[in-house]
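Here is the structure we will look at, set down as structure tokens.
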Amino acid sequence: MFVVTVDESTCIGCGECAKACPAQILEMQENLAKVVGDDCMGCQSCTLVCPVEAIKVEEY
Ligand code: SF4
Ligand code: SF4
């Protein structure tokens, strides 16, 4: 499985990750990206579009 984490102190709230995720794992809440789903497929779209490298996707 893949575990997604957002570094909230780094996130600038641009919303690109939420738009890019094909599985609706990420949602914008109060100008920060939040992880709201648990069926991440590990595509790395979110990490690729994040301009500040705030997202990590790790396989366990
Ligand atoms: S790796 Fe892909 S499926 Fe997982 S949260 Fe990022 S964009 Fe969504
Ligand atoms: S792409 Fe990066 S900076 Fe933009 S909302 Fe997502 S985590 Fe935050």
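Just so you know, all these numbers are worked out from the coordinates, no wet-lab data involved. The structure displayed is predicted, hence computed values, not measured ones. Cβ atoms come from the backbone with ideal geometry, glycine included; neighbour counts cover every protein chain shown.
Details
- Electrostatic tally near G42: other residues with Cβ closer than 15 Å to its Cβ, Lys and Arg +1, Asp and Glu -1, net -3.
- Quotient of Cα Rg and 2.2 N^0.38 Å for the chain, N being how many residues it contains: 0.96
- About its Cα centre, the dipole of the chain is roughly 140 debye, where the only charges are +1 on Lys and Arg Cβ and -1 on Asp and Glu Cβ.
- In percent, rounded to a whole number, the relative contact order of the stretch 11-60 is 34, using alpha-carbon pairs under 8 Å and six or more apart.
- In sequence order, calculated HN-Hα J values of the stretch 43-51 (Karplus, 6.51, -1.76, 1.60; Hz; x Gly/Pro): 6, 6, 4, 5, 5, 5, 8, 5, x
- Spin-label model, F2/C14: points 7 Å from Cα along the beta carbon direction are separated by 1.9 nm.
- Counted charge near T5, where neighbours are those whose Cβ lies closer than 14 Å (Asp, Glu -1; Lys, Arg +1): -4
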